[in-house]
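Since every read-out is calculated from the coordinates, none of them should be taken as a lab result. In this text the structure is predicted, and so the values were computed from the model without any measurement. Heads up, the Cβs are rebuilt from the backbone with ideal geometry, glycines too, and the neighbour counts pull from every protein chain shown.
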Amino acid sequence: MALRVIYEPRGKAGEYADLACNLYAGCDHGCVYCYAPAISRKSLETFTHAAPRSGVIDKIRRDAKDLAQAKDPRSILFCFMCDPYQTIDVEHQLTRQALEILLPHGLNVTLLTKGGKRSERDFDLIRQYPEQVTYATTLTLIDEHQRQQYEPGAAPTAERIAALEKAHDLGVKTWVSLEPVIDPDQSLALIQQTHPFVDLYKVGVLNYLPEAKAIDWIKFGTDAIALLESLNKSYYIKNDLKRYLSQSNKTPRL
């Protein structure tokens, strides 16, 4: 099946989703740890000047028809190379347009966002398809001053958590991406704070920034697994963290 804008992620991205789609070129969140500018061969500043991808909705419409005909059960993740609810989406609302195409076709969608309240404008639509939607958010830091230094354009952590809880109340599946881990203690505290309304945690490390060298990843991974198991929560340990744990003969439960 030759799809146009929906694709099968490879490498590290393949740990997160079977299918994905990027609605925008660039992302105005400006997260300093983001890998996407380098992949796009752009500076972070240039990458933050986001724009809709040309013809993306028409291409999604054609991909949706093909996937529906094939009865493809895989979930389509929005998005790896941008945020589906970055501030530019307030104007263009490509995410809602995509949902209005994919969900009536019986296809499954995962929304991974740091948009917080911005994502709630589509909850009226999501509540109609609770079995087809998964809502996920990235959580990094509780300290808001510190968070703004790393994620200047993203929604505050408290706002993301509130949206996550509301999504859970709609009856959709939820998960949290604990990656990047900038402060291990804060990441563990975020698990404690959110576990009543999170179905799955995906736990990783910090890449691309020098701060990663100061973190004891074996201790963090061991502590995270112990906490998640004590709370009886499902989790996935990403390969980058799993490699550290293998050095200590820890075998994480997948």
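Computed per residue of the chain from DSSP H runs no shorter than four, each worth -39500 (n - 2.57), the mean residue ellipticity at 222 nm is -10000 deg cm²/dmol. Ignoring aspartates and glutamates fewer than eight residues from residue 71 along the same chain, the ones with Cα atoms less than 13 angstrom from its Cα are 63.
Close amide H partners of residue 108, meaning residues 5 or more places away or on another chain with modelled amide H under 5 Å apart, are 76.
Database remark: amide H of residue 235 closer than 5 angstrom to the amide H of 201 (H placed geometrically; neighbours at sequence offset of 5 or more, or on other chains; Pro and chain starts carry no H). For residue 213, the aspartates and glutamates whose Cα comes closer than 17 Å to its Cα, not counting residues fewer than 8 places off in the same chain, are 179, 183, 185, 240.
Only Cα pairs under 8 Å and 6+ residues apart enter the sum, and on that basis the relative contact order of segment 133-246 stands at 26 percent. Annotation: lysines with alpha-carbon distance below 20 angstrom to residue 173 (same-chain offsets under eight excluded): 114, 117, 202, 233, 238. Spin-label model, residue 96 to residue 7: label points 7 Å out along the Cα-to-beta-carbon direction sit 2.8 nm apart. For segment 150-254, applying the loop criterion from DSSP together with a ceiling of 15 other beta carbons within 10 Å to the chymotrypsin sites (Phe, Trp or Tyr not before Pro) yields 208.
Using only side-chain charges placed at the Cβ, +1 for Lys and Arg and -1 for Asp and Glu, the dipole size of the chain relative to its Cα centre rounds to 740 debye. The calculated FRET efficiency for residue 32 paired with residue 69, based on their beta-carbon distance and R0 = 35 Å, is about 0.25.
Just the number, please: percent antiparallel of the DSSP beta bridges in the chain, rounded to the nearest 5. Please list the in-between numbers first.
Numbers: 3 of 27 bridges.
Beta bridges within the chain, antiparallel portion: roughly 10 percent.
Taken along the Cα-to-beta-carbon direction at a fixed 7 Å, the label points for residue 247 and residue 158 span 3.8 nm.
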